[in-house]
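Working notes, structure below.
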Amino acid sequence: MNNIKIMDEILSNKIAAGEVVEKCVSVVKELVENSIDAGSKKIKIELLESGVKEIKVVDDGKGMDYEDASLAFQRHATSKIYDEEDLYRIHSLGFRGEALPSIASISNVVMKTSTGDIGTEINIKGGKEVYKKKCEARKGTIIIINDLFYNTPARLKHLSSLYSELANVVEFVNKIALSYPSISFTLLNDNKVIFNTDGSNNQLKVINKIYGLEISKKMIEINGSNDDYEINGYICYPEITKSNRNHIITLVNNRVVKNIELNRVINDCYHTYKPEDRYPIVVINIYVDPTLIDVNIHPTKQDIKFSKMDQLKEIIISSIEEGLSSIRLIPKVENREVEKATLYEEIRMDFGSVNEEVEEENIDVSSDKLPELYPVGVVRGTYIVCQNDMGMYLIDQHAAKERVNYEYYKKVIGKSNDVTSMLFPINIELPYNEYIIVKENINIFESLGFTVEDFGQNTLIFRSHPIWLPIGNEEEAIKKILDLIVVKEKEFNIDRFNERIAITLSCKMSIKANENISFKEMESLIQQLNSCSNPYTCPHGRPTVIFYSYYEIEKLFKRVV
Ligand code: ZN
Ligand code: ZN
């Protein structure tokens, strides 16, 4: 190659680098995925200053011979180095075979690689080979990338803070470790280990490493299959939620994909088990015939299209619902100070004992009904104190009644056609803008069983209503429904709308806090709650019952240690 040609190549590599290498994590991702392709069982990622100063990846994969070591840094050399069988990846990453030359064009790279015989050491700086020589090396590849972006100062500015560069790398390594639990990953920054997995092919162990013991103890194993899909994975107890959706992780044939629709389906399974602005931790492995998926829709965004989406949703929903109903969901109050730290460390080191812990926990949580509860009294006119031979329970009477009402309204709203005529029709006057919206949507009222007339002058007359409308609060309930119609979302969906009415009315019709109720009423409330399909949370996802075991109480009083 003459000089001009080389310059051309370096230039086009730099341009490509600008497109694909925006952050340290892009480089880490490329190197780690190469290591996985090389069949590595152990992959170690060492960063200096979050990777801005140095990124080093050490693997024990098949390595490269003297000739291939140079080819790795030339564009379009893909087929010589990688097997073409992994077409999926080529699509999903979009720049396969061009990334390494691109990275080398904007940094100083040293690679040491060996297939088991004599090793090769090669140095490329700014895209140019500085030296290449034979050396001693064990089987595998070590790549060290220094001074990333050194010759593209503009891009260096785009790098965010060291902290967020590191956060991106950690997130990537977490996810790749979930994808490949049989590979041991170690991540270091400035010589400190920040994440490592043991490669024992146990996904729950990886979850434990990412989220810690407290959370991994509260993961429920799920699985299911139908003609087209097989799924398995772990879903969290509803009490463990996060403030964003990033912890809903779906893997398709062992690769992380992001599919908005799937995420929504998974999140919806937790509906009324958790507050709406909180999101579960879920790791689901989906196995499917590759011909049923299309990975071309987003070359770099990891998205994917399923040709039998409904079948997939079905199996996911039923598996999660089964998982959630398999546990008793009463939050347990624990004495947090006691030995937590040491216990935590110990078990992190020896995961064997975690499994025992999880099982122990499951013994008293294996029913889908509340235990027998005997009311003792009411605290603050709000919390019913109950007991049984396991411990003490507090029931939030508003939340409990709300759950009972909610399940009732869910059954009748939009389903029962029974109607009551009103002796005195209710006239409701609205602001003009709202009046127009409601008039447009008057069919919603009709489908619910109301008889409504437009009286003109911004006024509607309600002459009859469905029997489930709370007696004595008809007007208020109608106004609530009017409000919901006025603010209804763009994508109107009658089921979601009825659901909203059910939640709104169930709150409205609940006993308020600071309202003292009799023993009889307490008993009947508990009984009603117990007949609910999910007695553990109100429709807003807040707990109805909290449990204090006698053991925890005795620990608090230092009667036991
Ligand atoms: Zn409420
Ligand atoms: Zn509520």
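Could you list, in sequence order, all residues of segment 172-191 that are assigned to a helix (DSSP H, G or I) and either assigned by TED's automatic domain parsing to the domain that holds ASN254 or more than 15 Å from VAL27 (Cβ to Cβ) (or both)?
ASN174, LYS175, ALA177, LEU178, SER179
State which residue is nearest to ligand 1 (Cβ to nearest atom) when the search covers only segment 390-404 and only residues that are more than 18 Å from LEU556 (Cα to Cα) and open to solvent by 20 Å² or more (accessible area, probe 1.4 Å). Write out each step before concluding.
Just the residues of segment 390-404 that are more than 18 Å from LEU556 (Cα to Cα), to begin with: 395-404.
Okay, now just the ones that are also open to solvent by 20 Å² or more (accessible area, probe 1.4 Å), so 396, 398, 401, 404.
Numbers: ASP396: 10, HIS398: 6, LYS401: 9, VAL404: 12 Å.
My answer is HIS398.
Can you say whether SER549 is farther than 29 Å from GLU322 by Cα, at pLDDT 90 or above and of a type in the set (Gly, Ala, Ser), as far as the supplied structure shows? Spell out the reasoning first.
On the way: farther than 29 Å from GLU322 by Cα: no; at pLDDT 90 or above: yes; of a type in the set (Gly, Ala, Ser): yes.
So SER549 fails the test.
Which of the residues that make up segment 381-411 are free of Cβ contacts under 8 Å to residues at least 12 places away in the same chain and in contact with an Asp or Glu (Cβ under 6 Å, 6 or more places away or on another chain)?
If the condition is that a residue be free of Cβ contacts under 8 Å to residues at least 12 places away in the same chain and in contact with an Asp or Glu (Cβ under 6 Å, 6 or more places away or on another chain), then no residue fits.
Step by step: first the residues of segment 408-427, then only those that are within 16 Å of ligand 1 (Cβ to nearest atom) and open to solvent by 30 Å² or more (accessible area, probe 1.4 Å), then the one that is nearest to VAL452 (Cα to Cα). Which residue is that?
LYS410
Return the residue satisfying two criteria in turn: it lies in segment 502-523 and is within 39 Å of the chain's Cα centre (by Cα) and of a type in the set (Ser, Thr, Tyr), and of such residues it is farthest from ligand 1 (Cβ to nearest atom).
Per the stated criteria, the residue is THR504.
Exactly one of these conditions fails for ASN458: (1) on the phi > 0 side of the Ramachandran plot; (2) within 16 Å of ligand 1 (Cβ to nearest atom). Give me its number.
(2)
I need the full set of residues from segment 255-292 which are open to solvent by 60 Å² or more (accessible area, probe 1.4 Å) and over 30 Å from TYR536 (Cα atoms), in order please.
LYS258, TYR287, ASP289, PRO290, THR291
ILE494 is checked against (1) within 16 Å of ligand 1 (Cβ to nearest atom); (2) farther than 16 Å from PHE462 by Cβ; (3) of a type in the set (Val, Ile, Thr) and fails just one. What number does that condition carry?
(1)
Take the residues in segment 515-561 that are open to solvent by 80 Å² or more (accessible area, probe 1.4 Å) and among the basic types (Lys, Arg), then tell me which one is nearest to ILE330 (Cα to Cα).
Result: ARG542.
So, in segment 232-286, exactly how many residues are touching a Pro at 6+ places or on another chain (Cβ under 7 Å) and of a type in the set (Phe, Trp, Tyr)?
Matching residues across segment 232-286 total 2.
If you go through segment 428-460 one residue at a time, how many are assigned to a strand (DSSP E or B) and either open to solvent by 10 Å² or more (accessible area, probe 1.4 Å) or not hydrophobic (A, V, I, L, M, F, W, C) (or both)?
Count: 8.
How many residues does segment 41-54 hold that are out of contact with any helix residue (DSSP H, G or I) (no Cβ under 8 Å at 6 or more places or on another chain) and under 15 Å from ASN196 (Cβ atoms)?
Number of matching residues: 4.
The values are calculated or read from the model by the stated rules, or taken from the named source; none is laboratory data. The structure displayed is predicted, hence computed values, not measured ones. Note: ideal-geometry Cβ built from the backbone for every residue, glycine included; neighbour counts use all protein chains shown. Keep in mind that these areas ignore ligands, DNA and RNA; they rest on the heavy atoms of the full protein, side chains included. Shrake-Rupley method; radii C 1.70, N 1.55, O 1.52, S 1.80 Å.
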